[in-house]
1. Working carefully through the options C:145, C:221, C:195, C:158, find the one that is under 30 Å from residue C:246 (Cβ atoms) and in the same structural domain as residue C:99 (by TED's automatic domain parsing).
2. Quick one: residue A:218 ticks every box in (1) within 14 Å of chain C (Cβ to nearest Cβ); (2) in contact with a Phe, Trp or Tyr (Cβ under 6 Å, 6 or more places away or on another chain); (3) touching a residue at least 60 places away in the same chain (Cβ under 8 Å) bar one, so which box is it?
3. Mind telling me which of the residues B:194, B:228 ends up being surrounded by 21 or more Cβ atoms within 10 Å (Cβ to Cβ) and within 14 Å of chain A (Cβ to nearest Cβ)?
4. Can you go through A:250, A:243 and tell me which one is part of a helix (DSSP H, G or I), away from chain C (no Cβ under 14 Å), modelled with pLDDT of 95 or more and crowded, with 24+ Cβ neighbours inside 10 Å?
5. Within region C:63-84, work out how many residues are assigned to a loop (DSSP other than H, G, I, E, B) and within 13 Å of the chain's Cα centre (by Cα).
6. Yes or no: region B:116-138 includes at least one residue that is part of a helix (DSSP H, G or I) and not hydrophobic (A, V, I, L, M, F, W, C).
7. Please count how many residues of region B:243-294 are touching a residue at least 24 places away in the same chain (Cβ under 8 Å) and more than 24 Å from the chain's Cα centre (by Cα).
Amino acid sequence: MKKKLDLPHLITVLIIIAVYAGVFVMEQTMAPTSMIFTVLKKGATYALVAVSMNLLNGFTGIFSLGQAGFMLIGAYVFSIFTIPVDQRPIVYQYYNGGLIQFTMPFFLAMILGGLVAALFAFLIGLPVLRLKSDYLAIATLGFAEIIRTFFQWDKLGPITNGSNMLRLFPTFNDFNIRNANGEVVVYLSTLVPMIISGICIAIILLLINSTYGRAMRAIKDDEIAAEAMGIHLASHKQMAFCVSSFFAGVGGAMLAMYQTTVQAKSFTTAMTYEILLIVVIGGLGSVTGSVLASFLFVAASEWWLRFLDQKQYIGGHELPLMRNGFRLVVFSFIIMIVVLFFRQGIMGTKELPDLFRRKKTTEGGSAK
Amino acid sequence: MWNTVFPYLLSGISVGGQYALIAIGYTLVYGILRLINFAHGDVFMVAGIVMVYMAASGLPLWLCIILDLVATSIIGFAIERVAYKPLRTAPRMSIMISAIGVSYTLQNLVLYITGGLNQIYPKIPWISDSIKIGSATTKVVTVVTPILTILLVVALVLLINHTKVGMAMRAVSKDFETSQLMGININGVISVTFVIGSFLAGVGSVLYFTNYTTVIQTSGAMPGLKAFVAAVFGGIGSVPGAVIGAFIIGIAENIIKGLDIILFKAGLTSGPMGLAIFSDAFTFALLIIILAVKPTGLFGEKSIDKV
Amino acid sequence: MKDTVLQIENLTMQFGGVVAVDNFSMEINKGEIVALIGPNGAGKTTAFNAVTGVYQPTAGRITLLDENITGLRPDEVTLRGIARTFQNIRLFSSMTVFENVLTAHHLRRTAGLFSATFRLNKAEEKRMREDTDALLKKVDLYDLRDEMAVSLPYGKQRLLEIVRALATRPKLLLLDEPAAGMNPQETDELGEFIRRIRSEFDLTVFIIEHHMNLVMKISDRIYVIEFGKQIAEGTPEEIQNNQAVIDAYLGGGDEL
């Protein structure tokens with residue numbers, strides 16, 4: 001009766017393999033400057049952060065607005081520990097080359113970034129997770145602002161470089177394999193970030209489908225009933241919060257690699273809002289939705305809707321309204337329409353395999 | 001020592017008054033809808049932008065101020081009708097997300113209209129003038145703000161306690177469903193609440209931007225958040241609480257801005273500590289502490305959840 | 001030989017100035033079905049909430065099988081062997097029937113977060129799923145296994161809530177108005193069901209109910225409270241003939 005892999009899951013696995021294979025082929029054949037790679041890299045980064053936020057907001061029912069803060073921690077820890085020692089005098093020019101004089105492999109630094117973010121989450125979670133939904137939102141938001149200030153504090157400059165930029169650490173382009181002459185032999189600068197993001201999202205999915213994931217969903221559905229089933233609210237919320245922050249930290253490290261520079265002042269509340277809106281567009285409670293929405297959001301804002309920001313002419317007539325900033329206005333209205341009229345988002349609570357499931361032969365069924 | 005602290009204290013009281021006018025909007029709306037109106041700070045910012053454009057049109061300034069306040073009230077009313085009313089029965093998270101969406105929309109609209117450039121706020125005669133009080137040189141608005149704030153708050157408290165609308169507001173914030181059953185026009189009360197909140201934010205914006213002189217699409221975010229913290233600090237739902245909270249936060253924030261100099265002059269530090277950047281962070285630290293220690297704030301009422 | 005499962009001693013619950021439960025004492029012995037009845041607002045659900053840790057008692061002591069459980073958190077109370085249902089059904093709305101019951105097995109997990117995520121607990125997970133299926137079969141809900149819990153008809157939802165509580169393997173089951181909103185036939189079936197699970201799962205049952213036919217049919221003993229105070233205690237026959245009870249119900253306008 002229990003098959004290891006039913007048809008819908010098989011199709012899903014095939015689609016994912018096809019996507020990765022497609023990206024690999026495109027990378028070897030297309031110009032590396034193509035817009036599609038920008039979208040895929042940033043999309044992969046945002047997908048991870050959005051899924052990690054969905055774990056909290058969509059699956060556990062914790063309305064947290066601290067995502068940018070945890071990304072900041074991940075991004076900083078990553079860049080601080082990966083800037084090559086000989087480059088440090090350049091980066092930390094106002095702090096005599098900085099305090100830290102060693103480097104870590106990028107992979108370890110990324111995990112460390114996640115761990116430090118999770119540690120902060122644990123500490124902040126102790127007082128904050130007891131709060132009711134909206135208070136929790138504002139407290140986590142406040143926490144992110146505090147973090148942002150601390151990382152810019154001049155006295156921490158030898159470590160964080162104060163309000164100055166961190167740079168010259170490994171970036172996505174370093175994933176490309178080069179020959180002895182420095183020419184790129186195999187392009188991997190898009191594929192590797194997608195793989196990292198994919199693995200992290202897979203881990204989150206495993207968690208969601210484990211007994212702990214069920215407990216978290218129970219908390220989202222009804223805290224009082226969950227408690228009555230013997231689920232300790234505080235510890236399970238804490239787990240979700242720490243895991244989510246871990247992956248937000250890893251996502252922050254990826255964002256650092258994508259941007260090639262890191263500066264605390266860019267990790268604003270607006271960034272958290274943007275990620276939250278991605279999660280909502282995708283569907284609170286759908287990992288697939290968050291991933292799709294991330295790529296759509298990035299593609300629309302970086303690529304497809306760019307033309308809205310430029311003056312456009314049709315037959316010599318200038319179109320009205322089109323100028324710098326119009327894209328964001330259009331965007332805002334799309335988001336408001338989704339929020340008000342399509343509250344389920346793209347996917348509702350469905351996942352990719354659900355789309356290939358035929359209506360159940362028995363009556364009713366979970367597919368609504 | 002006093003001469004060092006006094007100017008910071010003075011501007012703290014002034015900013016506190018401006019926060020108070022914004023905080024009232026948060027506290028009233030939360031009292032009735034249990035909603036953090038994340039867009040409220042942006043309404044405050046839009047009030048500033050509207051003023052800039054009106055003044056540029058050449059209308060007399062006194063008329064601009066009146067029209068600005070009317071426009072801000074209408075914007076507040078419209079936001080509630082468009083973005084919150086359709087979600088009245090939806091889960092609380094949906095309305096909060098909608099509020100965040102409105103905030104995002106308002107900021108992007110202003111970015112588009114202004115081109116993302118700082119707009120110079122019109123110089124309003126008299127309150128923009130400089131005066132000298134003790135050791136501090138400041139603008140008249142610094143002195144006017146706390147006085148005007150107190151007057152408006154007294155008027156508001158009178159309105160809430162002694163008019164029919166005020167009684168309805170109190171009833172709705174006490175028990176939403178029952179008031180509905182008692183025949184209170186819930187939507188009317190909610191609209192009035194948003195109009196009052198936006199109007200006061202409009203007044204706050206005139207005072208605040210006279211002080212800071214420029215407006216940009218992100219100008220509302222930080223004052224908005226701080227005013228919200230003030231409302232929580234004072235006990236959300238309580239108007240006097242919000243006002244007291246706002247003054248405390250305004251003063252604390254400004255003292256921290258001058259803390260480097262104050263500590264140095266007091267002989268406690270030997271050089272600059274760069275503490276001024278913590279003026280915003282302190283507000284949030286205060287928030288987390290108050291929420292951890294006394295989530296109902298200074299004057300908030302305790303509520304028991306029914307099972 | 002009496003074997004006390006639950007003992008409530010001098011329980012008082014106060015909210016501000018309102019005394020919802022006033023110096024209330026009772027005990028339930030192993031295998032009994034005991035009902036708590038009284039007019040609306042008499043403090044029945046409040047007493048339940050005090051027992052299950054939703055409220056902290058103002059005063060008094062609650063003992064489960066010789067262990068003091070006063071003031072424990074709800075999840076701790078459940079771990080010690082009290083499961084409950086709710087007056088207004090509280091099923092997990094995003095889950096199927098199967099998942100609802102499966103979630104109730106979480107409290108017996110031994111795997112940590114890491115091993116559960118990386119599927120190092122396969123045997124345990126498998127056992128949870130098998131136990132869930134076995135339980136669903138036993139109570140004839142297996143056909144509805146993959147339906148969304150909240151899409152079930154009302155009576156089935158009430159039933160599922162009881163089954164979900166059973167999955168925590170309680171020693172004492174608290175039912176808060178399980179027959180509310182049921183028609184007479186469903187109510188009869190519910191009565192049968194409660195008796196059946198008592199013997200099959202070796203349970204003790206504590207029930208709040210307004211359907212007097214049901215109460216009189218299944219209860220071994222009945223406690224009656226009014227305004228938070230006990231006004232009578234006894235077998236169904238004794239209660240039916242108790243003048244104080246009759247007055248309370250006639251005065252309260254409730255049907256008896």
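1. Working: C:145 fails: under 30 Å from residue C:246 (Cβ atoms); C:221 fails: in the same structural domain as residue C:99 (by TED's automatic domain parsing); C:195 fails: in the same structural domain as residue C:99 (by TED's automatic domain parsing).
Exactly one residue qualifies, and that residue is C:158.
2. Result: residue A:218 passes all but (3).
3. Values: B:194 fails: within 14 Å of chain A (Cβ to nearest Cβ).
Every option except B:228 fails the conditions.
4. Working: A:243 fails: away from chain C (no Cβ under 14 Å).
Going through A:250, A:243 in turn, just one is part of a helix (DSSP H, G or I), away from chain C (no Cβ under 14 Å), modelled with pLDDT of 95 or more and crowded, with 24+ Cβ neighbours inside 10 Å: A:250.
5. Of all residues in region C:63-84, those assigned to a loop (DSSP other than H, G, I, E, B) come to C:65-66, C:69-73, C:80-81.
When the remaining residues are screened for being within 13 Å of the chain's Cα centre (by Cα), the result is C:81.
Final tally of qualifying residues: 1.
6. Checked region B:116-138: no residue is part of a helix (DSSP H, G or I) and not hydrophobic (A, V, I, L, M, F, W, C).
7. Taking region B:243-294 as the starting set, the residues that turn out to be touching a residue at least 24 places away in the same chain (Cβ under 8 Å) are B:243-258, B:261-262, B:265-266, B:279-280, B:282-284, B:286-287, B:290-291.
Subset that is more than 24 Å from the chain's Cα centre (by Cα): B:261-262, B:265-266.
Residues meeting the conditions: 4.
Yes or no, residue by residue, for (1) surrounded by 21 or more Cβ atoms within 10 Å (Cβ to Cβ); (2) in a helix (DSSP H, G or I):
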position	(1), (2)
C:88	no, no
C:92	yes, no
C:100	yes, yes
C:119	no, no
C:133	no, yes
C:136	yes, yes
C:143	no, yes
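The values are calculated or read from the model by the stated rules, or taken from the named source; none is laboratory data. Fair warning: this is a prediction, and the values are worked out from it, not measured in the lab. Cβ sites come from the backbone with ideal geometry, for glycine too, and all protein chains shown count toward neighbours.
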